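This report refers to the structure that appears directly beneath it.
What follows is calculated from the coordinates using simple rules that are stated; it is not laboratory data. Here the structure is a predicted model, which is why all the values come from computation and not from measurement. Glycine also receives a Cβ, built like all others from the backbone with ideal geometry; neighbour counts cover every protein chain displayed.
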C-alpha cells in the first residue's frame with residue numbers, strides 16, 4: 001500500500017472520528033471546535049474535559065500516533081518490537097500499533113495487571 005493511499009485512508013478515518021466527536025460533544029454539552037483543531041490540540045481539549053475514558057478518545061490518540069508514524073516512515077512497524085505489523089492486521093485496523101505476537105503479549109500482561117489490582 002502506498003504512503004499516499006495510507007494517508008488518504010487515515011484522513012477519511014479522521015473525518016469520520018471528528019463527526020462522531022461532534023455528536024459526543026453535543027451530548028456532553030461541550031463546545032470544542034472539533035473541525036479546526038489539530039489532532040493533538042483536540043486530544044488536549046478532550047483531556048481537559050475529562051473525556052479520556054471515551055472509546056473515541058483512544059481512537060483519536062491511535063490516529064495521532066499513526067499519522068506521526070507515517071510522517072517519520074515508521075507506519076506499519078510494531079511499537080514494541082519494531083517488526084512489521086502483519087498486513088491483515090493493518091487492513092483490519094489501520095490504527096494497529098502492534099504485531100500479533102506483541103498484541104497477544106500486551107493483552108496477557110494487561111489481564112495480569114487487572115487481576116492484581118482487583
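Of all residues in the stretch 1-22, those satisfying the criterion of being over 17 Å from residue 96 (Cβ atoms) and touching a helix residue (DSSP H, G or I) at 6+ places or on another chain (Cβ under 7 Å) are 20, 21. When residue 69 is tested against (1) closer than 15 Å to residue 90 by Cα; (2) in a helix (DSSP H, G or I); (3) more than 14 Å from the chain's Cα centre (by Cα); (4) without any contact (Cβ under 8 Å) to a residue 12 or more places away in the chain, exactly one condition is not met: (3).
When the stretch 80-110 is limited to residues that are surrounded by fewer than 16 Cβ atoms within 10 Å (Cβ to Cβ) and under 15 Å from the mean Cα position of the chain (by Cα), the one that is farthest from residue 24 (Cα to Cα) turns out to be 91. Could you say which residue among 70, 30, 58, 25 is in contact with a helix residue (DSSP H, G or I) (Cβ under 8 Å, 6 or more places away or on another chain) and surrounded by 12 or more Cβ atoms within 10 Å (Cβ to Cβ)? Among 70, 30, 58, 25, only 70 is in contact with a helix residue (DSSP H, G or I) (Cβ under 8 Å, 6 or more places away or on another chain) and surrounded by 12 or more Cβ atoms within 10 Å (Cβ to Cβ).
A single entry from 35, 14, 45, 9 fulfils the requirement of being surrounded by fewer than 12 Cβ atoms within 10 Å (Cβ to Cβ), touching a residue at least 12 places away in the same chain (Cβ under 8 Å) and either in a helix (DSSP H, G or I) or over 13 Å from the mean Cα position of the chain (by Cα) (or both): 35. Selection of the stretch 48-66 for residues being in a helix (DSSP H, G or I) and over 14 Å from the mean Cα position of the chain (by Cα) yields only 48.
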